[in-house]
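Q: Got a structure for you, written out below as structure tokens; questions coming shortly.
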Amino acid sequence: MVERIGFRTAGYRRLPIEEALGSIASVGYDGVEMCLEHPDCVPERLPSERCRELAMVAGDLGLEIASVSYHGDNDALPLRWERVLWAVELTAQLGADLLIVNSPRPGPEAPEDLDRQFRDQLTAQLEAAESVGVVLALEPEPGLLVADCSDMLDLIEWAGSPRLKVNLDVGHAFLTEDDLVESINRLAGEIVHAHFEDMPAGEHRHLIPGDGDMDLPEVIGALRGVGYRGYLTVDLFDIADAPEQAARVALARMRELVS
């Protein structure tokens, strides 16, 4: 199979979104993940006509909008819940059918009923997703309410909705799973999208593939082994000073990995 490789706009947060799309296309990526944390794409400031315009820009550049993401890690919970519902609508308006979300962070500052709030809101989000033909791909992440493979499988069973699937961030799984390949096997057909990066052992820091401690060829083999056919989307944050340079290096290494 020929894997499709994408890039998240989060690393281009200091550039206007049109420039970010142009750069990602010029590097040679197949698709793009539109991050609604980008300053130009904050949900309440992204009207439907602007979504259609950005979809046309991406299409003219030869980029597929493969996914949209909204996490809201720094938002107060009421705003976060509101923005995720906006994000569901915006995903459809951008011409995509996949919205990547995560869960909130528990801890002493979180409300005691955080899990109940999260599940209530997830139910509403899934209903909204059903109405516009969008799938929610929830991303397990170290330290969050849904942190690992087991948490994710429990949530899928609880929700009982075909609209809830998995965005596998391979670096996150490297940190949380005792056996990454076995966890990919357990998630199997639930994975609809994958974030790709390298990580140093024991440290949550997104690195260009090849710069960390992960066995990325093994990860590619495991994804192929479960029949995964979705995007491998490069997920880098700390590249805002030179995002295109990082994107070029990452794409070259990704192509080596999948060749």
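Every read-out reported here was derived from the displayed coordinates using simple, explicitly stated rules and does not represent laboratory data. Only a predicted model underlies this, so the values are computations on that prediction, with no experimental measurement involved. Here the Cβ is made from the backbone with ideal geometry for all residues, glycine too, and neighbour counts use every protein chain on show.
Q: Using Cβ contacts closer than 10 Å as the measure, can you line up Val84, Val258 from fewest to most? Walk me through the intermediate numbers first.
A: Details: Val84 24, Val258 17.
Final ranking by Cβ density, sparse to dense: Val258, Val84.
Q: Taking θ = phi - 60°, what integer Hz values does the Karplus form 6.51 cos²θ - 1.76 cosθ + 1.60 yield along region 167-180, in sequence order, with x for Gly and Pro?
A: The phi angles translate into 9, 8, 8, 5, x, 4, 5, 4, 7, 9, 9, 5, 9, 4 Hz.
Q: Would you calculate the convex hull of the Cα atoms in region 64-122 and tell me its volume per residue in Å³? Mind dumping the intermediate values first?
A: Working: hull volume 4.5 nm³, N = 59.
Enclosed volume per residue, from the Cα hull, is 76 Å³.
Q: Output needed for region 122-215: three equivalent-ellipsoid semi-axes, defined as square roots of 5 times the C-alpha gyration tensor eigenvalues, in descending order, whole Å. Don't skip to the end; give the middle numbers.
A: Details: eigenvalues 133, 35, 25 Å².
That gives 26, 13, 11 Å for the three semi-axes.
Q: Please list, in chain and number order, the residues 5+ apart from Glu64 or on another chain whose amide H is under 5 Å from its amide H, with Hs placed from the backbone.
A: So Glu64 has HN proximity to Gly31, Val32.
Q: Same structure, new question: Only counting other Cβ atoms within 10 Å, I'd like Thr123, Thr176, Thr233, Thr9 sorted with the fewest neighbours first. It would help to have the intermediate numbers written out before the result.
A: On the way: Thr123 13, Thr176 20, Thr233 27, Thr9 24.
Sorted ascending by nearby Cβ count, the order is Thr123, Thr176, Thr9, Thr233.
Q: P(r) for region 1-130, please, calculated from all Cα pair distances in 5 Å bins and given in %.
A: 2, 10, 21, 22, 17, 12, 9, 5, 2, 0
Q: While we're on this one: Calculate one ³J(HN,Hα) per residue across region 14-26 by plugging θ = phi - 60° into the Karplus curve 6.51 cos²θ - 1.76 cosθ + 1.60, and present them in order as whole Hz with x for glycine and proline.
A: Rounded to whole hertz, the list is 8, 10, x, 4, 5, 5, 4, 4, x, 5, 4, 5, 5.
Q: Here's a follow-up. What is the distance in Å between the Cα centres of region 105-154 and region 1-54?
A: Measuring centre to centre over Cα atoms gives 24 Å.
Q: Now for a different question. Under a Cβ-Cβ cut-off of 13 Å, what is the net charge of the residues other than Asp60 that fall near it, where Lys and Arg count +1 and Asp and Glu count -1?
A: Numbers: positive: Arg52; negative: Glu18, Glu53, Glu64.
Computed value for this residue: -2.
Q: Sequence-distant or interchain residues sharing an amide H contact under 5 Å with Leu98, placed H: which?
A: It is Val68, Val135, by chain and number.
Q: Between Asp75 and Leu61, what is the spin-label point distance in nm, taking each point 7 Å from the Cα along the Cα→C-beta axis?
A: With each label placed 7 Å out from Cα toward Cβ, I get 2.3 nm.
Q: Express in nm, to one decimal, how much length is gained between Arg224 and Leu153 on full extension, taking 0.36 nm for each residue of separation and deducting their alpha carbon distance. If you can, show how the numbers build up before the last one.
A: Working: separation 71, 0.36 × 71 = 25.56 nm, distance 2.02 nm.
Extra length available between Arg224 and Leu153 comes to 23.5 nm.
Q: Something else now. Which whole-Hz ³J(HN,Hα) couplings does region 237-248 yield from phi under the Karplus relation 6.51 cos²θ - 1.76 cosθ + 1.60, θ = phi - 60°, glycine and proline marked x?
A: Result, ordered by residue: 10, 8, 10, 4, 6, 8, x, 5, 4, 5, 5, 5 Hz.
Q: Where nothing but the Cβ of Lys and Arg (+1) and of Asp and Glu (-1) is charged, how large is the charge dipole of region 5-258 around its Cα centre, in debye to the nearest 20? Don't skip to the answer; put the middle values down first.
A: Details: 20 positive and 47 negative charges, 138 e Å.
Dipole about the Cα centre, nearest 20: 660 debye.
Q: Still on this structure: Could you list Arg80, Arg224 in order of exposure, starting from the residue whose Cβ has the fewest other Cβ atoms within 10 Å? Walk me through the numbers before you get to the answer.
A: Numbers: Arg80 19, Arg224 13.
In order of increasing Cβ crowding within 10 Å: Arg224, Arg80.
Q: Something else: To the nearest 20 Debye, how big is the dipole of region 1-103 about its Cα centre, given +1 on the beta carbon of each Lys and Arg and -1 on that of each Asp and Glu?
A: Values: 9 positive and 17 negative charges, 36 e Å.
My answer is approximately 180 debye.
Q: Further question on the same structure: I'd like to know which of Ala201, Gly230, Ile100 lies farthest towards the positive end of the charge dipole of the chain, counting +1 on Cβ of Lys and Arg and -1 on Cβ of Asp and Glu.
A: Farthest towards the positive pole: Gly230.
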